[in-house]
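Worksheet for the structure shown next.
Where a number appears in this text, it was derived from the coordinates with a stated rule and is not lab data. Quick caveat: nothing in here was measured; it's all calculated off a predicted structure. As a convention, Cβ positions derive from the backbone with ideal geometry for all residues, glycine included, and neighbour counts pool all protein chains shown.
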Amino acid sequence: MVSVKKTGRALIAHEAPLTSGFGAELAATIQKECFLHLEAPVARVAGWDTPFPHVFEPFYLPDKWRCYQALVDLVRY
């Protein structure tokens, strides 16, 4: 929470699906505790909202490029 209050931004990256994952709970907690300090919405980079594909795992999991693009979008907000 300290870095969110310093920067005014939060980016959550995790491998679970975007909807109903633990990242959603973390984003809700950050939103609740640091609302007045946020300068941009809490951003999340996660797996897609599909069943986990064991064969196409590299395409499902967030990679460094998806994280980088989310970070650029968050800073530009």
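For the chain, the Kirkwood radius over C-alpha pairs fed into Stokes-Einstein at 10 °C and 1.306 mPa s yields D = 121 µm² per second.
Among the chymotrypsin sites (Phe, Trp or Tyr not before Pro) found in the stretch 14-57, those both in a DSSP coil and sparsely packed, with 12 or fewer other Cβ atoms within 10 Å of their Cβ, are Phe56.
Taking amide H as placed 1.01 Å from N in the peptide plane, Arg44 has its amide H under 5 Å from the amide H of Ile12, each at least 5 places away in sequence or on another chain. Within the straight-line cut-off of under 20 Å between alpha carbons, none of the lysines are reachable from Lys64, sequence neighbours fewer than 8 places apart in one chain being disregarded. Shown in residue order for the stretch 61-69 are the 3J(HN,Hα) couplings computed by the Karplus curve 6.51 cos²θ - 1.76 cosθ + 1.60 at θ = phi - 60°: 6, x, 9, 5, 6, 5, 5, 5, 5 Hz (x for Gly and Pro). Working note: 222 nm ellipticity from helices only, DSSP H runs with n ≥ 4, each -39,500 (n - 2.57), summed and divided by the residues of the chain, gives -12500 deg cm²/dmol to the nearest 500.
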